[in-house]
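The values are calculated or read from the model by the stated rules, or taken from the named source; none is laboratory data. None of the values given here were measured: they were computed from a predicted structure. Reconstructed Cβ throughout: ideal geometry from the backbone, glycine too, with neighbour counts over all protein chains shown.
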Amino acid sequence: MYKILNSGGLGVAGKQNELIELALTHGFNGVEVDMVDLVGRHDTLGKQFACQFLQSAKIDMGTFELPVDLGASDEDYSTSMEKLDTILDLATTLNAKSCYISVASSNGLYSFQECFEKYQQRLQELSEKCTESSLNIGLWLRGTDSEVPDGEFKFIQTAEELLTLVKAVGQPNVGVCVDAFQWAAGGGTVDHLVAAGLSDVVSEVRLADIAEGADMADLKDSDRSSMPGDSLDSFSVKLCRALSEAGVEVPMSVSTDLGTFSTGTRDAIVGSITKQIDLLVAGEHPAEIKAAEAKAAEDAAAEADSNISESDEAAPSAPAATS
């Protein structure tokens, strides 16, 4: 198992060195890095400065968002690609395992088919460059971002559409960054991933569940459960079990709503997260464990009450008072 501390998806703020310390303390193998910030450090003060904290701590850049808009105009796309060599050099130096690209649910320039072809062509180009750095690209579905503003074209909004794009690209290092919450919101199931080939299509996993009672017709990011696996019908549990059964190991993190842990200490938050990931990867169901523990406590309390009652009944009556 390769655990990544995804600080953005935990609502955990802090300087880069503080987050690295948290990751090391709680047994994470890598951290998600803000690549735009890292490139800025590189361009301002040099590569050694940009990489110093991660290299001195001997921890990987587990993943990062590739700052490229695949649905942009040709001019804007070319501009964003100017930094690609620097990005890939930093990623290789810091032992990045994967990167991800957010797939927009709408586009203001191109129709669905035109935009699909742009994505396909550009991903094939990126794939070739990332292969040299042994870097996988995961496409991240925006399943809850389905509103298309007036004048814009609908683009990929479902899990099936995203898998169709991955298949059309046809490159072994281009797959899906499975955000369990977004995947389920976009109509995705574990069966979709199994049919596509788990080891072939899943490049990274972000564990998160839809909170019980959420309106499935109008899901928002705030409808993420506080912890993956805490609901009995947990998609995260199903996904982890499928990956385990197939022997697939990919970078894994937890991604919740930014406000979920706003009142907790960073150390306690990250500690609880790493324990939850360990349970899920081991095939355990945290909600079932908690339910069983609650039932055991309830049974123990009932038995204790019963023993007290029996003891009272068996106790000899006090002798009657004599005059």
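Among the numbered criteria (1) buried (at least 16 other Cβ atoms within 10 Å of the Cβ); (2) closer than 28 Å to Ser272 by Cα; (3) touching a residue at least 60 places away in the same chain (Cβ under 8 Å), which one does Val103 miss? With respect to (1) buried (at least 16 other Cβ atoms within 10 Å of the Cβ); (2) closer than 28 Å to Ser272 by Cα; (3) touching a residue at least 60 places away in the same chain (Cβ under 8 Å), Val103 is out only on (2).
Beta carbons closer than 7 Å, at least 6 apart along the sequence or on distinct chains, pair a first residue in the range 36-56 that is assigned by TED's automatic domain parsing to the domain that holds Tyr100 with a second that is β-branched (Val, Ile, Thr) for Val39/Thr86; Val39/Ile87; His42/Thr86; Cys51/Thr93; Phe53/Ile20; Leu54/Ile20.
Selection within the range 269-309: residues that are modelled with pLDDT of 85 or more and among the β-branched types (Val, Ile, Thr). The member of this set that is nearest to Leu19 (Cα to Cα) is Val270. Within the range 66-83, being hydrophobic (A, V, I, L, M, F, W, C), assigned to a helix (DSSP H, G or I) and either in contact with a strand residue (DSSP E or B) (Cβ under 6 Å, 6 or more places away or on another chain) or touching a residue at least 24 places away in the same chain (Cβ under 8 Å) (or both) holds for no residue. Starting from residues that are in a helix (DSSP H, G or I) and under 14 Å from Ser272 (Cβ atoms), keep the ones in the range 10-26 and report whichever is modelled with the lowest pLDDT. Among residues in the range 10-26 that are in a helix (DSSP H, G or I) and under 14 Å from Ser272 (Cβ atoms), the one modelled with the lowest pLDDT is Leu10. Taken over the range 231-251, the criterion of being closer than 21 Å to Lys97 by Cα, part of a helix (DSSP H, G or I) and in contact with a strand residue (DSSP E or B) (Cβ under 8 Å, 6 or more places away or on another chain) is satisfied by Leu239, Cys240, Leu243.
Taken together, the criteria exclude Lys83 from residues that are in contact with a Ser or Thr (Cβ under 9 Å, 6 or more places away or on another chain), closer than 30 Å to Asn29 by Cα and surrounded by 15 or more Cβ atoms within 10 Å (Cβ to Cβ).
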